[in-house]
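Chemist: Okay, handing you the structure first.
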Amino acid sequence: MLFNSYLFLLIFLPVTVAVYYALGPLNVRLAALWLCLTSLVFYGWWNPQFVALLAGSIAFNYVISLLILHNTGRPKLQGLIVGLGVGADLTLLFHYKYFATLLNFLTDLGMTSTTMDDIILPLGISFFTFTQIGYLLDCRAGIVKERSLLSYVLFVTFFPHLIAGPILHHKEMMPQFAQSENYRFKAENLSVGAMLFVIGLAKKVLLADGIAPYADAGFAAPGELMFWGSWGASLCYALQLYFDFSGYSDMALGLAKMFGIRFPLNFNSPYKATNIIEFWARWHMTLTRYLTAYLYYPVAMAVSKWRTNRNLPVGSAGISTAGGFISSIAFPTLFTMTLAGVWHGAGFQFIVFGLLHAMYLSVNHAWRIFVVGRKPASARKAGPIKRALCILLTFVAVLVAQAFFRAHGVGDAMLLMQGMIGGRGMESLDLSAHISGLPIGDAWRVIVGHHMQLIYAVVLLGIAWFTPNAHQILGRYSPALFKPQEAPQAFMRWRPNTAWLIVMLALLFLCLVNLHKETRFLYFQF
């Protein structure tokens, strides 16, 4: 079931919210159980057979977590159990996500003679698998407090995050599910949650879906695009992905708030980032947090231990040397971002995507340490022009990497790159032959028609760069666990009043009349 469907908007959501708040004052566990059941219905609406897979994964990981907790004080046995659990989770993920691609690749190399059709990928398998792996690792680390089965099942299945995140941490979620006051109706939860949800729905239906055809057309035949066409396709996809994922994240946080639950912020205007480190602190923030905690830090700590045992400098003294920087910063970054690329999908284009970002991040860190870090503090401040150039440079770097993220393969991405550097020439921008002899009104329509893609892209880029995001608009009412700064202009700050109610209803009306078809969110494929 999709958030942007009439079935979800007009039946599933109203019924789920109404029954939840009817049961909450009577019996908290019954209300939680209702949310679990409706979440399974939500998940199974697409393909019921995968509900058994989800339930089996939850049961397996919960049993493993109990075994880990039961053997506290026996680190070797705990390590063995954790290895068994994580290994089984990764094997399941590998089977559905990578096995067919790897087998066909080996066949192409002549190493096997068997080919295989792609396996249907269960929705959200990467998200619920990674969520549970994190829980198992934290059980071993001894930081898991809330252990009830009902809270665990709700933590994994709660439908606002089940398909495409945010990737939640049990410490911030399971205690919320255990608090009885979260099951009681509050008008603020419903009004704030509904406003955020409608903003996200508008991003998806009115903006992302509107520019998607231009991106799809460009990536369907990248070898036929010249200079402007290649940049246009790349820019349109960047904006489609931005408003699609941003819209989904807003809807997820808004839905959770309707049920009295707060999620961590997952998207914070990443195209406003002045460098690639800041970009990853704003884009898919919970994935960045997960990768940092469970991949980057363990590798960086292992490197630090290795260097300490050999009397090599560590910390700030270590990374200021070339060898220390490569081993302590570049290597953990390369390891983490390569796996981040693989996480996004099977295919070498995703590995290239990860490697590109690993290179960007390493260069960015090196610049901070070896260039900016050696300047006096007074010389580090950037003016508005320098800041704008930094934003533009970061955005172009992101566009290049996203070409591999979107293309059907490395070959298609390279064709797009070839077009972006002018390898197939540049289109003429002269429209005089098309409008010659036409009345002024018809000439304007021809000009606008020829530039509709550009107009669309400029408007959306303006929204991404120059307007506050949904959480800045909601300001102190934002349900995110971490709140960004409020919108600078007072008239753009949401307040629980009639004017904003009219805005919300108008946006909802526009979305409903433009909901011609149910389009899946881009991150559903991961």
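Residue-wise test of (1) over 23 Å from GLY409 (Cα atoms); (2) among the basic types (Lys, Arg); (3) touching a residue at least 24 places away in the same chain (Cβ under 8 Å).
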site: GLY210; (1), (2), (3): yes, no, yes
site: ALA238; (1), (2), (3): no, no, yes
site: LEU241; (1), (2), (3): no, no, yes
site: GLY254; (1), (2), (3): yes, no, yes
site: ALA281; (1), (2), (3): yes, no, no
site: ARG307; (1), (2), (3): yes, yes, no
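Chemist: Give the residue, chosen from GLY56, GLY73, GLY85, that is within 30 Å of PHE521 (Cβ to Cβ) and free of Cβ contacts under 8 Å to residues at least 12 places away in the same chain. Can you show your working first?
Modeler: Details: GLY73 fails: within 30 Å of PHE521 (Cβ to Cβ); GLY85 fails: free of Cβ contacts under 8 Å to residues at least 12 places away in the same chain.
Only one candidate passes the filter, namely GLY56.
Chemist: VAL63 - would you say it is outside any loop (DSSP other than H, G, I, E, B), within 18 Å of MET174 (Cα to Cα) and open to solvent by 30 Å² or more (accessible area, probe 1.4 Å)? Steps first, please.
Modeler: Working: outside any loop (DSSP other than H, G, I, E, B): yes; within 18 Å of MET174 (Cα to Cα): yes; open to solvent by 30 Å² or more (accessible area, probe 1.4 Å): yes.
Against the criterion (outside any loop (DSSP other than H, G, I, E, B), within 18 Å of MET174 (Cα to Cα) and open to solvent by 30 Å² or more (accessible area, probe 1.4 Å)), VAL63 qualifies.
Matching residues to (1) in contact with a Gly (Cβ under 7 Å, 6 or more places away or on another chain); (2) buried (at least 18 other Cβ atoms within 10 Å of the Cβ); (3) farther than 20 Å from TYR294 by Cα:
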site	(1), (2), (3)
GLY324	yes, yes, yes
THR336	no, yes, no
GLY347	yes, yes, yes
LEU356	no, yes, yes
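Chemist: Condition test on PHE197, is it under 20 Å from the mean Cα position of the chain (by Cα), in a helix (DSSP H, G or I) and free of Cβ contacts under 8 Å to residues at least 60 places away in the same chain?
Modeler: Details: under 20 Å from the mean Cα position of the chain (by Cα): yes; in a helix (DSSP H, G or I): yes; free of Cβ contacts under 8 Å to residues at least 60 places away in the same chain: no.
Considered against the rule, which asks whether it is under 20 Å from the mean Cα position of the chain (by Cα), in a helix (DSSP H, G or I) and free of Cβ contacts under 8 Å to residues at least 60 places away in the same chain, PHE197 comes out as no.
The rows are residues; the columns are (1) of a type in the set (Asp, Glu); (2) over 30 Å from HIS516 (Cβ atoms); (3) touching a helix residue (DSSP H, G or I) at 6+ places or on another chain (Cβ under 8 Å); (4) at pLDDT below 90.
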site	(1), (2), (3), (4)
LEU10	no, no, no, no
CYS36	no, yes, yes, no
PHE50	no, no, yes, yes
PHE60	no, yes, yes, no
THR72	no, yes, yes, yes
GLY85	no, yes, yes, no
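Chemist: Specify which of the listed residues (MET420, MET426) is touching a residue at least 40 places away in the same chain (Cβ under 8 Å), crowded, with 19+ Cβ neighbours inside 10 Å and of a type outside the set (Lys, Arg). Lay out the reasoning, then the answer.
Modeler: Numbers: MET426 fails: crowded, with 19+ Cβ neighbours inside 10 Å.
None of the other options fit; the residue is MET420.
Chemist: All but one of (1) open to solvent by 10 Å² or more (accessible area, probe 1.4 Å); (2) at positive phi hold for ASN182; which doesn't?
Modeler: The one condition ASN182 does not meet is (2).
Chemist: Restricted to segment 102-124, and to residues that are surrounded by fewer than 16 Cβ atoms within 10 Å (Cβ to Cβ) and either part of a helix (DSSP H, G or I) or touching a Ser or Thr at 6+ places or on another chain (Cβ under 6 Å) (or both), which residue is modelled with the lowest pLDDT? Talk me through it step by step, then tell me what you get.
Modeler: To start, the set of residues in segment 102-124 that are surrounded by fewer than 16 Cβ atoms within 10 Å (Cβ to Cβ) comprises 102-103, 105-120.
With either part of a helix (DSSP H, G or I) or touching a Ser or Thr at 6+ places or on another chain (Cβ under 6 Å) (or both) added as a condition, the list becomes 102-103, 105-108, 115.
Values: LEU102: 76, LEU103: 77, PHE105: 75, LEU106: 77, THR107: 79, ASP108: 75, THR115: 72.
Only one residue tops the list, namely THR115.
Chemist: Additional query: Would you call ASP244 open to solvent by 20 Å² or more (accessible area, probe 1.4 Å) and assigned to a helix (DSSP H, G or I)?
Modeler: Judged against the criteria, ASP244 is not a match.
Chemist: A further question on this structure: Among what's in segment 1-16 and is in contact (Cβ under 8 Å) with a residue 60 or more places away in the chain and open to solvent by 10 Å² or more (accessible area, probe 1.4 Å), pick the residue that is nearest to LEU123 (Cα to Cα).
Modeler: That would be LEU2.
Chemist: Evaluate segment 399-412: report whether one residue or more is surrounded by 16 or more Cβ atoms within 10 Å (Cβ to Cβ) and acidic (Asp, Glu).
Modeler: Yes: one or more hits.
Chemist: Same structure, new question: VAL198 versus (1) within 22 Å of THR16 (Cβ to Cβ); (2) of a type in the set (A, V, I, L, M, F, W, C); (3) open to solvent by 20 Å² or more (accessible area, probe 1.4 Å): which is the lone unmet condition?
Modeler: It fails just one condition, (3).
Chemist: Return yes or no: is PHE50 surrounded by 16 or more Cβ atoms within 10 Å (Cβ to Cβ), assigned to a helix (DSSP H, G or I) and in contact with a Pro (Cβ under 7 Å, 6 or more places away or on another chain)?
Modeler: Working: surrounded by 16 or more Cβ atoms within 10 Å (Cβ to Cβ): yes; assigned to a helix (DSSP H, G or I): yes; in contact with a Pro (Cβ under 7 Å, 6 or more places away or on another chain): yes.
Answer is yes for this residue.
Chemist: Which residue, of SER234, SER249, SER230, is in contact (Cβ under 8 Å) with a residue 40 or more places away in the chain, over 15 Å from the mean Cα position of the chain (by Cα), over 17 Å from TRP465 (Cβ atoms) and crowded, with 23+ Cβ neighbours inside 10 Å?
Modeler: After ruling out the rest, the residue left standing is SER230.
Chemist: Restricting to segment 136-148, name every residue that is open to solvent by less than 50 Å² (accessible area, probe 1.4 Å), assigned to a helix (DSSP H, G or I) and either within 15 Å of GLY83 (Cβ to Cβ) or of a type in the set (Val, Ile, Thr) (or both).
Modeler: Across segment 136-148, the qualifying residues are LEU136, CYS139.
Chemist: Considering only segment 272-295, how many residues are more than 18 Å from VAL342 (Cα to Cα) and of a type in the set (Val, Ile, Thr)?
Modeler: Matching residues across segment 272-295 total 3.
Residues checked against (1) closer than 19 Å to TYR360 by Cα; (2) hydroxyl-bearing (Ser, Thr, Tyr):
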position: ILE277; (1), (2): yes, no
position: TRP280; (1), (2): yes, no
position: HIS284; (1), (2): yes, no
position: THR288; (1), (2): yes, yes
position: ALA300; (1), (2): yes, no
position: SER304; (1), (2): no, yes
position: ASN309; (1), (2): no, no
position: SER320; (1), (2): yes, yes
position: SER328; (1), (2): yes, yes
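Chemist: Counting only residues that are in contact (Cβ under 8 Å) with a residue 24 or more places away in the chain and aliphatic (A, V, I, L, M), which one in segment 31-40 is surrounded by the fewest Cβ atoms within 10 Å (Cβ to Cβ)?
Modeler: Just the residues of segment 31-40 that are in contact (Cβ under 8 Å) with a residue 24 or more places away in the chain, to begin with: 31-33, 35-36, 38-40.
The next check asks that each one be aliphatic (A, V, I, L, M); those that pass are 31-33, 35, 40.
Numbers: ALA31: 21, ALA32: 23, LEU33: 15, LEU35: 23, LEU40: 18.
The residue in question is LEU33.
Chemist: Quick check on segment 479-496. Is at least one of its residues assigned to a helix (DSSP H, G or I), in contact (Cβ under 8 Å) with a residue 60 or more places away in the chain and under 28 Å from the mean Cα position of the chain (by Cα)? Lay out the reasoning, then the answer.
Modeler: Initial filter on segment 479-496 (assigned to a helix (DSSP H, G or I)): 490-492.
Now drop any that are not in contact (Cβ under 8 Å) with a residue 60 or more places away in the chain, which leaves none.
No; the residues of segment 479-496 include none that is assigned to a helix (DSSP H, G or I), in contact (Cβ under 8 Å) with a residue 60 or more places away in the chain and under 28 Å from the mean Cα position of the chain (by Cα).
Chemist: Are there any pairs, at least 6 apart or on different chains, whose C-beta atoms fall under 6 Å, with the first in segment 17-30 and within 15 Å of ALA194 (Cβ to Cβ) and the second open to solvent by 40 Å² or more (accessible area, probe 1.4 Å) and not in a helix (DSSP H, G or I), and if so, which?
Modeler: TYR21/PHE185
Chemist: Then there is this: Assess whether ILE133 counts as being in contact with a Leu (Cβ under 9 Å, 6 or more places away or on another chain), modelled with pLDDT of 90 or more and either open to solvent by 10 Å² or more (accessible area, probe 1.4 Å) or among the β-branched types (Val, Ile, Thr) (or both).
Modeler: Numbers: in contact with a Leu (Cβ under 9 Å, 6 or more places away or on another chain): yes; modelled with pLDDT of 90 or more: yes; either open to solvent by 10 Å² or more (accessible area, probe 1.4 Å) or among the β-branched types (Val, Ile, Thr) (or both): yes.
Yes, satisfied.
Chemist: Still on this model: Considering only helices (runs of 4 or more DSSP H) fully contained in segment 307-426, which possess at least 3 residues that are aromatic (Phe, Trp, Tyr)? Spell out the reasoning first.
Modeler: On the way: elements: 315-319, 322-325, 331-344, 348-366, 384-406, 410-420.
Helices (runs of 4 or more DSSP H) meeting the threshold: 331-344, 348-366, 384-406.
The values are calculated or read from the model by the stated rules, or taken from the named source; none is laboratory data. Keep in mind that what you see is a predicted model, and the values were worked out from it rather than measured. All Cβ positions, even for glycine, are placed from backbone atoms using ideal geometry, and neighbour counts span all protein chains on display. Note: areas computed on protein heavy atoms with side chains; ligands, DNA, RNA excluded. Shrake-Rupley method; radii C 1.70, N 1.55, O 1.52, S 1.80 Å.
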